[in-house]
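The values are calculated or read from the model by the stated rules, or taken from the named source; none is laboratory data. Just so it is clear, the structure is predicted and the values come from calculations on it, not from any experiment. Every residue, glycine as well, gets a Cβ built from its backbone with ideal geometry; the counts of neighbours run over all protein chains shown.
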Amino acid sequence: MQNNATRDLLVGTFVLIGLGALGYLSLQIGGLEFGQTDRILLRATFDDIGGLSVRAPVRIAGVKIGQVSAIDLDDDLRAQVSLEVESDVGLSVDSSAAIRTAGLLGDQFISVELGAEDEVLGEGEEFAFTESALSIDKLVGRLVHDAGVSD
Amino acid sequence: MPTSLGPGGSTLTGSAEPAASAGEDYIAVRDVHLSFGHRVVYRGIDCRMRKGGIHLLLGGSGSGKSTLLRMIGGLQRPDRGDVTVADRKLSELKERELGEVRKGIGMLFQNGALLDSMSVLDNVGLPLREHANLSRSEVAERVSRVLYAVGLTDVEALLPRELSGGMLRRVAFARAIVMEPEILLCDEPFSGLDPLNVTRIEELLVRLNSELGLTVVVTSHHMASSLRMADQMILLRDGDCVAGSPEVLAGGDDEGVIEFLGEDGRAYLARLNELREPTREASGRERERDHR
Amino acid sequence: MRGLVQDLGAASMSLVEGLGRVAVFGGAIARCLVQPPTRFGFFVRALYDAGVLSVALIALSGFTVGMVLGLQLYTTLTRFGAEEGLGAVVGLSLVRELGPVVCGLLVTGRAGSAVTAEIGSMKATEQLDGLRMMAIDPVHFVAMPRALALTVAMPLLNALFIVFAIAGAYVIGVSNQGLDGGVYLAGLEGAVRFADDVGQSLLKSLVFGVLLGLISTYKGHACSPDAAGVARATTSTVVTASVAILLSDYVITALWGV
């Protein structure tokens, strides 16, 4: 029969290892962030968001700076996407937001290209320039159509 | 030596008259009916137990002796009728209030019912640790004192499975009395024990009753020792009971008792009577020896 | 025909009755949690029995499940030329479903049945009655620490299971099949998100732990106080808890997706 001290030690070790595994899953793999990095809310309106979904990343030069927090329809029935972006990344007011696909068949994300102005976008402001999602079938359709027309 | 004799005369079901003094009704079972499915255990039994007496529940197996004991402890509720202990009607009490009553009751189960993963010290000291505000060393001290009283030393570190039958029973005994209860309920305390241990337990019960005034209720098969000790015998049969002092019941004069027991009952009583005389003398001699 | 309908009605009634009794028992345990004494020592011992003694089983099963998953998925993904997605698929399927459910079923069989057997045999040997006669609530003394221990152990074992399974799939995919280790881990980290996936896994394992804790202690307390009764109760725990885990898995998955 194991004495109490050994047993307590094993239980403590078990709990620590279990929490460690949980921590590894949450932080390393799951990407949980601690400490609130200040974020600001920005908006962008698109004609077609394609397969974009909430929590899709927002990247600039390939680096993640935020994520999509909400997708709604505005009064003109265009897609209004809300983005949460780290506040210390200053995006100039003439920056553009485009919906791109990761790889050929991957998930869609928002790619931001910096503009030239000094003034930066503040809380709640909207992107002046947006590019809707490119859909493969439209592209292929156009290609075929163009090919057909050229004959 | 048990003090005065129990109620003189027998108590037949149905025609029982409530006893005069409150002390007579210390434990009272009134018109209790109980069935388990189709099996009828009691069809309206009445009995009373005097405070400070030694009361014996006798009967064949399946006659409901243990169940009656459990009802006095509040572990079993009757279908009809009530059980009153120290003026408190058990069926009216909630579990918490029942707990308060139980603090004054010690119960010795047939197989000891010790917690098998805890040592003797932890088992016997459990009620103290839960209900009394004592330090660890005080608990250990009380435990070793009560273990000594039941004739055990140096067993505190053992586990229940390492104890012999007699030792186990005595440890359970110690646990039942460690909180100094007023009532002691014993379910077949003599069963499966060798004669030496039977005598030990019997002496303990008598001493607890005479020195501390404990009210003792015992279920038993063991005829000889039963007669030595008891103030009142309660015989259970066919869902009914009959009660009286050993002299009266075994005397074989009471019409009601004879009718209750029937032919085979008379033979039983005759045997009881036979055992009674020589053993009373023997126990008297033993007590003299102890006093020296 | 009428007999069949009657039997069905009776069965449904007893099912609802049974659920009610379990719920009442759960309420009793919850009340005990806020009453002193804390019984930390018993909790630790129960955590040892449920957690520490299950680690070997969970580690081995996790690793094996991971290896099988890795092998199966890799072969299938190769058909579509998408081997590099192994990390992502393994991660998502393990974290969201396989981890909590398989771990839950394993712990049910190992620790859940043990708890029921222990409490049931205590009932059969009158130890629970003995506690009552000492004015100690058996639910507080016996059931509460064990139910709590199962609840706490489950998420921890789940995390261990998943980590071992990820390792198992890594061994197959990388060492065996030649997938690049970095790609595997990157795929894993890219696809699995805390809020959606790890959070869901955590919630599921907690719920499964609570269900198992409740069911295993209840069945021990409610069993028929003899050897056959204890055996029946033990089997019943495994069956009932397994079904409860699978059903609640569906409910959580469906609700979470909303």
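Among the candidates C:Arg132, C:Arg146, the residue that is basic (Lys, Arg) and over 13 Å from B:Ala113 (Cα atoms) is uniquely C:Arg146. When B:Gly104 is tested against (1) crowded, with 18+ Cβ neighbours inside 10 Å; (2) touching a strand residue (DSSP E or B) at 6+ places or on another chain (Cβ under 8 Å); (3) touching a residue at least 60 places away in the same chain (Cβ under 8 Å); (4) not hydrophobic (A, V, I, L, M, F, W, C), just one condition goes unmet, and that condition is (1).
Which residues, counting only those in region B:53-72, are under 11 Å from the mean Cα position of the chain (by Cα) and either in a loop (DSSP other than H, G, I, E, B) or not hydroxyl-bearing (Ser, Thr, Tyr) (or both)? Within region B:53-72, B:Gly53, B:Ile54, B:His55, B:Leu56, B:Leu57, B:Leu58, B:Lys65, B:Leu68, B:Leu69, B:Arg70, B:Ile72 meet the criteria. Considering only residues in region B:86-111 that are part of a loop (DSSP other than H, G, I, E, B) and within 8 Å of another protein chain (Cβ to nearest Cβ), the one that is nearest to C:Ser121 (Cα to Cα) turns out to be B:Asn111.
Inside region B:29-45, residues that are within 19 Å of B:Gly73 (Cβ to Cβ), surrounded by fewer than 21 Cβ atoms within 10 Å (Cβ to Cβ) and in contact with a Lys or Arg (Cβ under 8 Å, 6 or more places away or on another chain) make up a count of 1.
Right, C:Gly178: over 30 Å from C:Val115 (Cα atoms) and away from chain A (no Cβ under 14 Å) or not? Taking the combined requirement at face value, the residue satisfies it. Being surrounded by 15 or more Cβ atoms within 10 Å (Cβ to Cβ), within 14 Å of chain C (Cβ to nearest Cβ) and among the hydrophobic types (A, V, I, L, M, F, W, C) is a description that applies to B:Val217. Of all the listed residues (C:Thr253, C:Thr217, C:Thr234), the sole one being surrounded by fewer than 16 Cβ atoms within 10 Å (Cβ to Cβ), out of contact with any Gly (no Cβ under 6 Å at 6 or more places or on another chain), touching a residue at least 40 places away in the same chain (Cβ under 8 Å) and more than 14 Å from every other protein chain (Cβ to nearest Cβ) is C:Thr253.
The residues in region C:111-139 that are out of contact with any Cys (no Cβ under 7 Å at 6 or more places or on another chain), of a type outside the set (Ser, Thr, Tyr) and more than 9 Å from chain B (Cβ to nearest Cβ) can be counted, and the count is 8.
Of all residues in region C:36-51, exactly one satisfies the criterion of being away from chain A (no Cβ under 14 Å) and either touching a strand residue (DSSP E or B) at 6+ places or on another chain (Cβ under 9 Å) or exposed (fewer than 11 other Cβ atoms within 10 Å of the Cβ) (or both), namely C:Pro36.
All of (1) within 21 Å of C:Leu150 (Cα to Cα); (2) modelled with pLDDT of 95 or more; (3) crowded, with 21+ Cβ neighbours inside 10 Å hold for C:Arg110 with one exception: (3).
Taking first residues from region B:68-80 that are over 12 Å from B:Val101 (Cα atoms) and partners that are at pLDDT below 95 and assigned to a loop (DSSP other than H, G, I, E, B), the Cβ contacts under 8 Å between residues at least 6 apart in sequence or on separate chains come to B:Arg70/B:Gln76; B:Met71/B:Arg77; B:Met71/B:Pro78. Residues of region C:102-127 that are in a helix (DSSP H, G or I) and without any contact (Cβ under 8 Å) to a residue 12 or more places away in the chain: C:Gln127 alone.
Taking the residues in region B:118-128 that are in contact (Cβ under 8 Å) with a residue 24 or more places away in the chain and either outside any helix (DSSP H, G or I) or farther than 17 Å from B:Glu182 by Cα (or both) as candidates, determine which candidate is nearest to the other protein chains (Cβ to nearest Cβ). Among those residues, the one meeting the criterion is B:Leu126.
The condition of being assigned by TED's automatic domain parsing to the domain that holds A:Gln108 and modelled with pLDDT of 85 or more holds for only one of A:Ala56, A:Ala61, that being A:Ala61. When C:Gly130, C:Gly99 are screened for being in a helix (DSSP H, G or I) and in contact with a strand residue (DSSP E or B) (Cβ under 8 Å, 6 or more places away or on another chain), only C:Gly130 passes.
Is at least one residue of region C:187-201 under 25 Å from C:Phe141 (Cβ atoms) and in contact (Cβ under 8 Å) with a residue 60 or more places away in the chain? Looking through region C:187-201, none of the residues is under 25 Å from C:Phe141 (Cβ atoms) and in contact (Cβ under 8 Å) with a residue 60 or more places away in the chain. All of (1) surrounded by fewer than 24 Cβ atoms within 10 Å (Cβ to Cβ); (2) under 30 Å from C:Val24 (Cα atoms) hold for C:Gly178 with one exception: (2).
The residues listed here are C:Val90, C:Val142, C:Val55, C:Val152; of these, the one that is within 12 Å of another protein chain (Cβ to nearest Cβ), within 28 Å of B:Leu93 (Cα to Cα), part of a helix (DSSP H, G or I) and not small (Gly, Ala, Ser) is C:Val142.
Please determine, by comparing only the residues of region A:20-42 that are modelled with pLDDT of 80 or more and within 7 Å of another protein chain (Cβ to nearest Cβ), which one is farthest from the chain's Cα centre (by Cα). So the residue we want is A:Ala21. Pairing each residue of region C:132-151 that is on the phi > 0 side of the Ramachandran plot with any residue that is at pLDDT below 95 and in a loop (DSSP other than H, G, I, E, B), provided the two are 6+ apart or on different chains, yields C-beta distances under 8 Å for C:Ala135/B:Lys103. Being facing chain A (nearest Cβ under 9 Å) and touching a helix residue (DSSP H, G or I) at 6+ places or on another chain (Cβ under 8 Å) is a property that holds for C:Phe164.
Of a type in the set (Ser, Thr, Tyr) and loosely packed, with under 12 Cβ neighbours inside 10 Å - does that describe any residue in region A:141-151? Looking through region A:141-151, at least one residue is of a type in the set (Ser, Thr, Tyr) and loosely packed, with under 12 Cβ neighbours inside 10 Å. When region A:57-68 is filtered for residues that are touching a Lys or Arg at 6+ places or on another chain (Cβ under 8 Å) and either surrounded by fewer than 17 Cβ atoms within 10 Å (Cβ to Cβ) or outside any strand (DSSP E or B) (or both), nothing remains.
All conditions in (1) buried (at least 20 other Cβ atoms within 10 Å of the Cβ); (2) more than 11 Å from chain A (Cβ to nearest Cβ); (3) part of a helix (DSSP H, G or I); (4) modelled with pLDDT under 90 hold for C:Leu211, with the sole exception of (4). From the list C:Ala88, C:Ala10, C:Ala46, C:Ala82, the lone residue that is of a type outside the set (D, E, K, R) and under 21 Å from the mean Cα position of the chain (by Cα) is C:Ala46.
Going by the structure shown, is C:Ile172 more than 14 Å from chain A (Cβ to nearest Cβ), farther than 27 Å from C:Arg110 by Cα and β-branched (Val, Ile, Thr)?
So C:Ile172 passes the test.
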